[in-house]
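Below is one structure, written out as structure tokens; comments come after it.
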Amino acid sequence: MFLILPALWTLYLGLTDYRLTGAAAAHPRIVGVDDYRQALGDKDVRDALGRTLLFVFGSAIVGQNLLGFLLAWSLRSARAWVRAAVETAVLLAWILPGVVVAWLWIAFLKDQGGTLNAILRTPGHDWWFEHPMGALIVFNTWRGTAFSMMLFSAALSNVPRSQLESARLAGARGWQQLRDVVLPNIRGHILTNTLLISLWTFNDFTPYLITKGEPHGASAVLPVYIYLTALPGGRLGFAGALSLTMLLINLLLALAYVRILRRRA
Amino acid sequence: MTAVRTVLRRIGFYVLLSLVTAFFALPMLWLVTAPFTRHPTFAVTWPDFTLANFRALTDSPDALSSLYNSAALSLSTMLLTVAAAALAAYALSKVRVPGRGAILYLLLLLSSVITGTAVMVPIFQLMFRLRLLDHDLGVILVLTGGLLPAAIFILTDFMDTMPRLQEESARVFGANSLQVFGHVVLPNVRPGLATIAVWAVVNVWGDFLVPFLLYRSPDKRPAAVTLNTFYTEGGRPDLALISTFSLLYSVPMVIMFLFVSRRYGFRLHGGITA
């Protein structure tokens, strides 16, 4: 009930010019598909969507996937205590509450006294202001790599030893083994992982906790943009139409996932 | 020649690994140093090992009570989620509905969406109409609604692997459905129940958006929302309170994480890697 009803409600809202206050709040008018047409034609909306795609592509599909795989691959043969130490650091970044993590990254990239500036000896460089999207991508890679690392290390432990052994005997070097033996074996895991982390990143609200969409909306990914439109902005109808667009993208991603699982089954 | 190369490769490997570990560990340093520093800034400095910030925190009106609110919210949501998920998963596991797998997967995927941003506008309005804004019940229902699909998914997996034999023999001895459920089924899926209980507590404890949207009175808010309300009289973030409260708020999660990874190992298994 809490899943289906809000979805239908969104559809209805998108058809009205519902507002939080004023005359339109008492008698919402049906403005039909105007909200939807307006939403897709609006430059701000397209910008927010573009930023979201960049965010998902950079931090989930590339960042978390690659770093997660790199960690899983290199920790396979590492000593137990090295493995435990690295994994603890990566997992801690994943389990700390989002609000805390947001403050940690505000502090880490702060222009005055931030740790990164202290290390790079670039005092006064305001990373969140000058590279908001780049900083968000690095942040989210840091935040979510743990899941990919765990999933890939589970996948790598299932790659048959005999296949690796025979590839080695045939003279395959490290990266050749990787390409010819490992990757075909874990292709399904890569797909599953990519879809799940994309979905999570796409819906992530943590960017709001760090930047509130600043400067001037330059870091407003879609969830943040919807929030800013709906509550501080008071345009519930318009935000509803955007929410529905978001739900549809989610649904498409989920359907793609189910189809791929079916085909593999 | 090859020996030199091997050594060089080993060194390169550990340098790379140290860099990656530093990338993950460095942002967390502030959380350990700032709470013990007098007048902390955003910089990571060697702490003075003072407990003054903790004392200041106990004087702040909402700080400690919001931790209590978080605990109450997590526990009640966890109990409701576990109870409802156990019943639903048992039903789904007994009765074979056609297309069950696909339905479960869709629910699982959408459940990460429901407590998220895509439905925040309708959820807000639904609660407004039901007059449940600013009520614990409303927040608990929304959170449970968001957690249930994935909880059912995980538990169904556990229930499916349960041996049928015990259940049938209990029936032969005249146990009714509820007795079978309570005395045979539940003890069998205890690891599953523990998994979703821990997972529910972690999720609710860390959730910001739902309580942020649905609570109005400061004294009802959980810690996630309260953390962003510490400001000095000059309107700047009060870093002493923020860092100290962050630490107190994170410690239960870290303890739980250590407990789970000691006890069960922090590995993925079951449906998600299939």
Subject >> Label-point separation, B:Leu87 to A:Leu120 (7 Å along Cα→Cβ), nm >> reply: 5.5 nm
**OP:** Please go through the stretch A:140-241 and write out the trypsin sites (Lys or Arg not before Pro) that DSSP classes as loop and that have at most 16 other C-beta atoms within 10 Å.
**Re:** A:Arg173, A:Lys212
Original post:
Mind checking the angle between helix B:63-94 and chain B's longest principal axis? C-alpha axes, 0 to 90 degrees, to the nearest 10.
Top reply: 30 degrees
Subject >> Relative contact order %, the stretch A:4-264, counting alpha carbon pairs below 8 Å whose residues are six or more apart >> reply: 32 percent
Original post:
Charges only on Cβ, +1 for Lys and Arg, -1 for Asp and Glu: so what's the dipole of the stretch B:76-217 about the Cα centre, in debye to the nearest 20?
Top reply: 260 debye
**OP:** Could you tell me whether chain B comes out rounded, prolate or oblate from its Cα gyration tensor? Rule is a ≥ b ≥ c as square roots of the eigenvalues, rounded for a/c under 1.5, then prolate if a/b exceeds b/c, otherwise oblate.
**Re:** oblate
Subject >> Rg in Å to one decimal, and Dmax rounded to a whole Å, for the stretch B:76-217 via C-alpha atoms >> reply: 17.1, 55
**OP:** Mind checking the full-extension length gain between A:Arg79 and A:Arg161? Use 0.36 nm per residue of separation minus the Cα-Cα distance, one decimal, nm.
**Re:** 27.6 nm
Subject >> With at most 10 other Cβ atoms within 10 Å, longest stretch of chain B clear of loop trypsin sites (Lys or Arg not before Pro) (DSSP) >> reply: B:1-95
Original post:
What FRET efficiency would be calculated for the residue pair B:Arg129, A:Asp44, taking the C-beta separation as r and a Förster radius of 22 Å, to the nearest 0.05?
Top reply: 0.15
**OP:** Calculate the spin-label point distance for B:Leu79 paired with A:Leu178, positioning each point 7 Å from the Cα along the beta-carbon direction, and give it in nanometres.
**Re:** 5.1 nm
Original post:
Where does the protein assembly as shown land on Rg/Rh, using Cα atoms and the Kirkwood Rh?
Top reply: 0.98
Original post:
Rounded, prolate or oblate: which fits the stretch A:4-264 when a ≥ b ≥ c are the square roots of the eigenvalues of the alpha-carbon gyration tensor, with rounded for a/c under 1.5 and prolate only if a/b beats b/c?
Top reply: oblate
Subject >> Percentage relative contact order, chain B, counting C-alpha pairs under 8 Å, at least six apart >> reply: 29 percent
Original post:
Using only the Cα atoms of the stretch A:142-260, what do you get for the radius of gyration and for Dmax, in Å?
Top reply: 20.6, 67
**OP:** Could you work out how far the C-alpha centroid of the stretch B:191-257 sits from that of the stretch A:242-262, in angstrom?
**Re:** 30 Å
Original post:
Given charges of +1 on the Cβ of Lys and Arg and -1 on the Cβ of Asp and Glu, with all other atoms neutral, how large is the dipole of the stretch A:4-264 about its Cα centre, in debye to the nearest 20?
Top reply: 1000 debye
Original post:
What is the average number of partner chain Cβ atoms found within 10 Å of a Cβ in A:83-96?
Top reply: 5
Subject >> Selection of chymotrypsin sites (Phe, Trp or Tyr not before Pro), the stretch B:155-219, meeting DSSP coil and at most 14 other Cβ within 10 Å >> reply: B:Phe173
**OP:** Treat each spin label as a single point 7 Å out from the Cα along the C-beta direction, and report the A:Leu248 to A:His216 distance in nm.
**Re:** 3.1 nm
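Read-outs throughout are calculated quantities, based only on the coordinates presented, and are distinct from any laboratory measurement. Fair warning: this is a prediction, and the values are worked out from it, not measured in the lab. Note that each Cβ is placed from the backbone with ideal geometry, even for glycine, and that neighbours are counted across all protein chains shown.
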